[in-house]
Each structure stands twice: as C-alpha cells, then as structure tokens.
Amino acid sequence: MSAQNFQCAGCGNCCRITGYVRLRGGEAERIAEFLGEDAGRFIQERTRLTRDRQHLSLLEKPGGECVYLTHENRCLIHPVKPAQCRGYPQQWRSEVMDPLCEGLTRTH
C-alpha cells in the first residue's frame, strides 16, 4: 500500500519503536502548554538530548514505547504531537517501522 492511500489502523506500533522523537522549535512548549505544565520543567523532566546534542527528544517508557502512548493505543498529546509523528508514513518512511505498521501492511 502506498503512503498516499494510508489509513491509520490505530495499532500503535509506530509509537513502540525505540528511538528518538525529535522535537522541532516550539514543539516542547506546545506540548507543555497542552499538558498544563511549565515549559522549562517539561523540557527538563520529559525530554532528553539526542546523541548529537542538537535536538530534544521525548522520553520513552522502559520498553521503548512513547510515554504518551496509552494502553488503548491512543496518543495523549495527539492535537499537539510532534511533526515527526504527524509525518509518518506520508512524509517519511522507516525500514524498521514500515513492516510493523498495520495501516501499511494490511491488504484490501
């Protein structure tokens, strides 16, 4: 299935892959505001620097999944989720995530 015809199946698998969810300028502040938190505290307690020390990334749960993924496979910050999350798979693809994405792998 092409990304143009993609329909999210709500499996949450894309949110369970260990790795960075890089935040662009202003995204940490928008998420903090959405959660009713102080931006500085949010950045200090809920993000980490990427290895190249160029970006902030959301923290993960011990198993690698996003801290904002619920048990029902819902994103707690969906209205303000980072551009990286919004862009998959229409704007970027992943050799690791694509085979796990039920929206990409299901057949009609």
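Does the range 60-81 contain at least one residue that is aliphatic (A, V, I, L, M), in contact with a His (Cβ under 8 Å, 6 or more places away or on another chain) and modelled with pLDDT of 90 or more? Outline the logic, then answer.
Just the residues of the range 60-81 that are aliphatic (A, V, I, L, M), to begin with: 67, 69, 76-77, 80.
From what's left, in contact with a His (Cβ under 8 Å, 6 or more places away or on another chain): none.
For the range 60-81, residues aliphatic (A, V, I, L, M), in contact with a His (Cβ under 8 Å, 6 or more places away or on another chain) and modelled with pLDDT of 90 or more: absent.
Mind listing whichever residues of the range 40-79 are assigned to a helix (DSSP H, G or I) and surrounded by 15 or more Cβ atoms within 10 Å (Cβ to Cβ)?
As a first pass, look at the range 40-79 and keep what is assigned to a helix (DSSP H, G or I): 40-46, 78-79.
Within the range 40-79, 42, 43, 46 qualify.
Name the residues in the range 80-108 that are in a loop (DSSP other than H, G, I, E, B) and among the hydroxyl-bearing types (Ser, Thr, Tyr), would you? Break it down into steps so the answer makes sense when it comes.
Initial filter on the range 80-108 (in a loop (DSSP other than H, G, I, E, B)): 81-82, 88-97, 101, 106-108.
Passing the criteria: 88, 94, 107.
The values are calculated or read from the model by the stated rules, or taken from the named source; none is laboratory data. The structure presented is a predicted model; accordingly, all values stated were derived computationally and were not measured. With ideal geometry, Cβ positions are generated from the backbone for all residues, glycine too; neighbour counts draw on all protein chains shown.
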